[in-house]
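*Asks:* Submitted below is the structure of interest, expressed as structure tokens.
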Amino acid sequence: SAPNLFHVPTSRSTHLFASPAVTDKPATKEFKQVSKSSEKESSPSNSKGWAVRLYNDPMNKREFVARCLTEVCALSDGAAYQCMMKAHQFGLAVIGEYHLEMAELYKSSLTEHGLMVDMVPVDDDK
């Protein structure tokens with residue numbers, strides 16, 4: 001005879017899912033405080049963040065560049081257009097200033113879209 005696919009386990013059944021599960025209290029982790037000295041290894045001591053910069057390039061259409069800035073960096077249409085035009089006219093424009101992880105994310109995402117982008121630490125004497 002064919003197996004019963006709609007078998008409902010009874011209290012006598014040895015199936016694991018037949019009885020209510022008993023769980024232990026989840027283990028907790030101790031998080032240690034990260035010192036500022038270890039944070040300085042990845043960024044200069046005078047850094048206030050990272051500026052992500054867009055370079056003009058002859059390959060991409062201006063509309064495409066502006067759309068990438070809105071989709072990747074969440075710039076408004078107007079801010080994206082202004083940034084794109086500044087890069088187009090002057091060869092370079094700062095998209096924005098971000099913490100290290102966000103700057104790296106924007107740089108890699110925009111580079112994957114074919115845009116010429118870099119990031120530099122922001123100095124105190126700005």
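The values are calculated or read from the model by the stated rules, or taken from the named source; none is laboratory data. The model shown is predicted, which means the values in this text are computed figures rather than measured ones. Glycine also receives a Cβ, built like all others from the backbone with ideal geometry; neighbour counts cover every protein chain displayed. Keep in mind that these areas ignore ligands, DNA and RNA; they rest on the heavy atoms of the full protein, side chains included. Shrake-Rupley method; radii C 1.70, N 1.55, O 1.52, S 1.80 Å.
*Asks:* With all protein chains present, calculate the accessible area of D77 using a 1.4 Å probe and round the result to the nearest 10 Å².
*Replies:* Counting only protein heavy atoms, the figure is 120 Å².
*Asks:* Is the shape of segment 65-126 rounded, prolate or oblate, going by the alpha carbon gyration tensor and its root eigenvalues a ≥ b ≥ c, with a/c under 1.5 for rounded and a/b larger than b/c for prolate?
*Replies:* Oblate, because a/c is 1.5 or more while a/b does not exceed b/c.
*Asks:* With labels modelled as points extended 7 Å from the Cα through the Cβ direction, what inter-label distance (nm, one decimal) is found for E101 paired with Q82?
*Replies:* 2.9 nm
*Asks:* For the pair M116 and K48, what calculated FRET efficiency results from E = 1/(1 + (r/R0)^6), where r is the Cβ-Cβ distance and R0 = 35 Å, to the nearest 0.05?
*Replies:* Working from the Cβ atoms, E equals 0.90.
*Asks:* Quick one: ranking L75, L105, L115 by accessible area, 1.4 Å probe, largest first, what do you get?
*Replies:* The ranking, largest first, comes out as L105, L75, L115.
*Asks:* Here is a further query. Give the ranking of Y55, Y98 by solvent-accessible surface, highest area first, calculated with a 1.4 Å probe.
*Replies:* If we order Y55, Y98 from most to least accessible, we get Y55, Y98.
*Asks:* How far apart, in nm, are two points set 7 Å out from the Cα along the Cα-to-Cβ line at E71 and at S108?
*Replies:* 1.9 nm
*Asks:* So how far apart, in nm, are the two label points at V94 and D123 if each is 7 Å from Cα heading toward Cβ?
*Replies:* 1.2 nm
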